[in-house]
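Chemist: Have a look at the structure that comes next, please.
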Amino acid sequence: MKRRLLRYALIALAVVLFTGYFAFRTFFFDPLEGRYGAKLATLVPRDVDFFSAKANLADDFVDFPTPRAARELAAHPVGQKFLASSQWQSWSRDLGLVDMEATIRAELDRAGLPAGLDPTSLFGGRELALAAYLKPGGTEAAEWIALGRTNWMGKLALELLERPDWIGLSEQGLEATGVEGGVRLSGGQLSRPLFLGRRRDVLLISTTESFLLRAEELEQRKGQDSFGQSARYHDHVETKANVLESAGGQPVEVYGDVAKAAAALDLPTAWPNPKSPEPWVVFLSRLFQLGEARDLAGVFSIGRVLRLDANLALSPEEHSTLQRRMYRMRGFDRGPVLNDVARLAPADTGLFVYLQSDLAGLMREWLAVQEPALRENLVSHLVRPLFGGSSVDKLVDELDAAFRDQVAVIVRANDYPDMGPDGPPHNDTVVPAWAVVLWVESRDKIDELRQKVIQNQARFGIQGRASGSSGVFTNEVQGGFVVYEYWSPAIQGTGHLSSVNDGQLFVLSNSYQMIGQVLGTYYQGGARNPRLADQVDFQNLMQEGQASSTVLAYLQPAALVPTLAAMGRRTAEDDLLTVVDWQAKRAEFGKAVVAERFPNEVWGRLSTSTQDQVDVEVDKRVEAFQQELRERELPRRLEAVNERMELLRGVDGALVQLRLTERALDVAVRALFAAAARP
């Protein structure tokens with residue numbers, strides 16, 4: 001009897017479940033339907049102007065809307081200082097981040113979501129994407145679609161929109177109407193109608209119904225002709241995202257049509273500005289123009305290591321003669337840098353840069369953007385009397401014949417012992433020690449150039465302690481290398497330049513002692529001369545970066561923090577006095593002095609005796625004003641300098657690589673953040 005009752009009960013339960021399943025499927029959706037197996041990019045039309053996607057978005061939040069990265073930053077000593085800095089406070093106000101978390105929580109409460117429900121489980125927590133057609137007029141004019149993975153609750157919520165009376169939608173001022181692709185939602189606080197649809201477990205929200213219809217079509221065609229199956233996405237987004245993910249990152253995918261984005265954001269395509277008053281900006285404008293870029297595709301991730309890989313497609317038909325030469329030159333591979341070039345840099349190098357390109361072309365372009373008077377002075381003072389040429393091109397040709405198309409720059413703290421009373425006179429300006437390394441093409445040519453410098457010291461501003469005395473000396477450094485030393489009061493901080501030519505390398509530095517260290521590091525290494533090339537952080541970041549580059553820069557900020565802090569303090573003090581129009585201020589003080597002490601005199605028509613007395617008093621008031629200005633403003637400026645230095649301490653190492661090809665510019669960035677604050 002009991003078995004029969006149990007059997008009847010089971011049969012009844014099966015009938016209820018079966019009937020309920022079909023009823024739910026009829027009125028809502030199939031609860032057993034599978035997920036959409038491909039990436040969200042395959043539901044996006046191929047011709048979109050913008051695309052961005054992120055997988056595992058829910059993992060980026062500890063408790064929505066608190067980002068995990070924000071909590072980790074707040075727990076890090078350097079991060080705490082950053083969040084407390086005036087710079088971050090200013091940025092957060094400008095970006096509207098103040099109280100954003102509280103605002104989002106309030107909006108979620110007003111939306112009436114069940115307590116404890118994470119919104120990322122309803123939309124985008126597993127995968128989220130955004131695509132758009134951009135138009136002039138800013139982001140408000142764009143047509144966009146957001147795609148996100150959802151669960152059964154998200155599916156049910158969409159189905160209920162088709163039955164607005166069930167959920168009292170009209171009471172909220174909203175109107176939902178069925179359309180071919182899904183549901184049209186309008187009214188309330190919406191600035192324009194939204195269209196919502198679904199493809200299996202992917203919820204779609206768009207500003208146009210056409211996006212929903214295209215998604216349906218692309219699903220039926222298994223992604224054919226979608227953005228997700230384009231060569232651009234595969235080569236420079238999907239492939240690189242897989243690499244970053246395998247390295248432990250959670251990549252964000254990004255693609256954008258540069259011209260469309262510039263028009264939408266009202267950005268100038270003539271950037272860098274070729275008409276800028278700054279020569280270095282004009283110089284950069286001749287190497288690259290935003291208007292030559294077609295689109296940008298890449299990925300980035302942020303964690304203990306910041307990783308970024310981007311490809312900027314170019315229009316080669318827009319290139320200048322110099323650009324064609326530069327962009328067609330083959331760069332250098334990772335191996336030679338690790339095995340040879342980086343051996344030059346001491347382990348405590350703050351900045352290491354290596355470039356392999358058309359150096360002569362770059363030098364010609366740099367000279368071309370300078371003031372005509374400077375070029376004319378260079379020709380009359382150096383080129384014509386020393387080389388018999390009538391233009392700066394002659395000087396460039398001489399240097400081009402002496403050196404190959406590769407150069408390295410090494411910068412470190414200038415912690416070498418002072419050369420004492422027998423060394424070159426110099427000011428007390430704090431500067432880093434630097435060395436420029438060039439590879440020798442013709443040793444004889446370099447020796448010839450050196451002799452021209454020695455024989456024409458006055459033309460180069462070289463002089464000894466006594467006026468008119470020789471300012472060229474030699475020193476022997478470790479390894480037995482003979483270094484030539486050129487004294488000049490124009491060299492800030494050290495008072496001299498030095499050089500060595502060993503037949504393979506030519507090294508120029510503002511410290512002869514640094515030349516000895518660089519050569520010892522390169523040729524000897526070991527515990528006495530540790531190399532950057534042997535440092536684990538440098539090796540790891542190089543292995544993660546691009547296999548080949550045109551230029552790379554490696555930065556160890558902490559190695560330069562003391563130097564940069566001293567330079568920053570000096571700049572803060574100097575800049576403090578430049579913000580005042582001293583001519584106007586002296587006139588203001590002068591008028592006040594005349595009114596107070598010489599009421600019968602007329603400003604601008606003072607007697608010589610009165611003018612002298614007024615000038616003395618004005619000098620006192622200017623000095624007092626400067627002192628008051630320092631006391632009032634300098635602490636704030638110095639605090640800003642210290643804040644920037646603390647941020648630099650939070651980075652153990654950063655590698656930036658740039659590769660030029662005829663049709664593209666590739667950028668790779670790797671930055672290793674400090675695991676703990678430095679002392």
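The values are calculated or read from the model by the stated rules, or taken from the named source; none is laboratory data. Note that this is a predicted model, so its numbers are computed, not measured. As a convention, Cβ positions derive from the backbone with ideal geometry for all residues, glycine included, and neighbour counts pool all protein chains shown.
Chemist: Just give me the residues in the stretch 374-429 being closer than 17 Å to GLN451 by Cα, of a type in the set (Gly, Ala, Ser) and modelled with pLDDT of 95 or more, in sequence order.
Modeler: Matches in the stretch 374-429: ALA401, ALA402.
Chemist: Hey, another quick one. When you scan the stretch 648-667, do you find a residue that is part of a helix (DSSP H, G or I) and among the hydrophobic types (A, V, I, L, M, F, W, C), even just one?
Modeler: Within the stretch 648-667 (the criterion being part of a helix (DSSP H, G or I) and among the hydrophobic types (A, V, I, L, M, F, W, C)), the answer is yes, since at least one residue qualifies.
Chemist: List the strands (runs of 3 or more DSSP E) that sit entirely inside the stretch 120-226 and contain at least 1 residues that are aromatic (Phe, Trp, Tyr) and at negative phi.
Modeler: Hits in the stretch 120-226: 127-133, 143-149, 194-199.
Chemist: Look at the stretch 244-285 and say how many of its residues are outside any loop (DSSP other than H, G, I, E, B), within 24 Å of VAL48 (Cα to Cα) and not small (Gly, Ala, Ser).
Modeler: 7
Chemist: Quick one: count up the residues across the stretch 548-590 that are within 30 Å of PHE332 (Cβ to Cβ) and out of contact with any Pro (no Cβ under 6 Å at 6 or more places or on another chain).
Modeler: Residues in the stretch 548-590 being within 30 Å of PHE332 (Cβ to Cβ) and out of contact with any Pro (no Cβ under 6 Å at 6 or more places or on another chain): 15 in total.
Chemist: Further question: List the residue pairs whose Cβ atoms are under 7 Å apart, where the first residue sits in the stretch 459-488 and is free of Cβ contacts under 8 Å to residues at least 12 places away in the same chain, the second is surrounded by 15 or more Cβ atoms within 10 Å (Cβ to Cβ) and not in a loop (DSSP other than H, G, I, E, B), and the two are 6 or more positions apart or on different chains.
Modeler: Close Cβ pairs satisfying both conditions: THR474/VAL483; THR474/TYR484; THR474/GLU485.
Chemist: Any residue in the stretch 231-254 that is under 19 Å from GLU143 (Cβ atoms) and small (Gly, Ala, Ser)?
Modeler: No, the stretch 231-254 contains no residue that is under 19 Å from GLU143 (Cβ atoms) and small (Gly, Ala, Ser).
Chemist: Can you find, within the stretch 445-492, the residue that is surrounded by the fewest Cβ atoms within 10 Å (Cβ to Cβ) among those that are assigned to a helix (DSSP H, G or I), touching a Phe, Trp or Tyr at 6+ places or on another chain (Cβ under 7 Å) and among the aliphatic types (A, V, I, L, M)?
Modeler: My answer is VAL453.
Chemist: Still on this model: Go through LEU638, LEU648, LEU629 for me and flag whichever is buried (at least 17 other Cβ atoms within 10 Å of the Cβ) and not assigned by TED's automatic domain parsing to the domain that holds LEU296.
Modeler: Selected residue: LEU648, the only one of LEU638, LEU648, LEU629 that is buried (at least 17 other Cβ atoms within 10 Å of the Cβ) and not assigned by TED's automatic domain parsing to the domain that holds LEU296.
Chemist: Can I ask one more? Name the one entry in ARG586, ARG605, ARG636 that is out of contact with any Lys or Arg (no Cβ under 7 Å at 6 or more places or on another chain) and closer than 30 Å to GLN80 by Cα.
Modeler: ARG636
Chemist: Still on this model: Filtering the stretch 452-469 down to residues that are under 43 Å from the mean Cα position of the chain (by Cα) and polar (S, T, N, Q), which residue is nearest to LEU382 (Cα to Cα)?
Modeler: Of everything passing the filter in the stretch 452-469, GLN457 is nearest to LEU382 (Cα to Cα).
Chemist: Can SER285 be described as polar (S, T, N, Q) and either surrounded by 19 or more Cβ atoms within 10 Å (Cβ to Cβ) or in contact with a helix residue (DSSP H, G or I) (Cβ under 9 Å, 6 or more places away or on another chain) (or both)?
Modeler: It is false that SER285 is polar (S, T, N, Q) and either surrounded by 19 or more Cβ atoms within 10 Å (Cβ to Cβ) or in contact with a helix residue (DSSP H, G or I) (Cβ under 9 Å, 6 or more places away or on another chain) (or both).
Chemist: Please go through (1) surrounded by 13 or more Cβ atoms within 10 Å (Cβ to Cβ); (2) farther than 27 Å from MET645 by Cβ for TYR554 and return the number of the only condition it doesn't satisfy.
Modeler: (2)
Chemist: So, in the stretch 345-388, exactly how many residues are of a type in the set (Asp, Glu) and out of contact with any helix residue (DSSP H, G or I) (no Cβ under 7 Å at 6 or more places or on another chain)?
Modeler: Here the count works out to 2.
Chemist: Now a separate question. Go through the stretch 404-444 and give me each residue that's in a strand (DSSP E or B) and surrounded by 20 or more Cβ atoms within 10 Å (Cβ to Cβ).
Modeler: Within the stretch 404-444, ALA408, ILE410, VAL411, ARG412, ALA433, ALA435, VAL437, LEU438 qualify.
Chemist: Residue by residue through the stretch 201-236, note down the ones that are out of contact with any helix residue (DSSP H, G or I) (no Cβ under 8 Å at 6 or more places or on another chain) and of a type in the set (A, V, I, L, M, F, W, C).
Modeler: Result: ILE205, PHE211, LEU212, LEU213, ALA231.
Chemist: For the stretch 505-585, please list each of the helices (runs of 4 or more DSSP H) lying entirely inside it that holds at least 1 residues being aliphatic (A, V, I, L, M), touching a residue at least 24 places away in the same chain (Cβ under 8 Å) and in the same structural domain as LEU638 (by TED's automatic domain parsing).
Modeler: 557-578
Chemist: A further question on this structure: All but one of (1) at pLDDT 95 or above; (2) within 30 Å of ASP266 (Cβ to Cβ); (3) in contact with a Leu (Cβ under 7 Å, 6 or more places away or on another chain) hold for PRO346, so report the exception by its number.
Modeler: Failed condition: (2).
Chemist: Quick test for you: out of ILE446, ILE462, pick the one residue that is closer than 16 Å to TYR512 by Cβ, of a type in the set (A, V, I, L, M, F, W, C) and assigned by TED's automatic domain parsing to the domain that holds GLN513.
Modeler: Criteria check complete, one pass: ILE462.
Chemist: I've got another one for you. Would you mind listing the helices (runs of 4 or more DSSP H) fully within the stretch 315-383 where at least 2 residues are not assigned by TED's automatic domain parsing to the domain that holds TYR523?
Modeler: 321-328
Chemist: Could you pull out the residue among LEU218, LEU156 that is more than 21 Å from THR42 (Cα to Cα), in the same structural domain as TRP144 (by TED's automatic domain parsing) and out of contact with any Cys (no Cβ under 7 Å at 6 or more places or on another chain)?
Modeler: Only one candidate passes the filter, namely LEU156.
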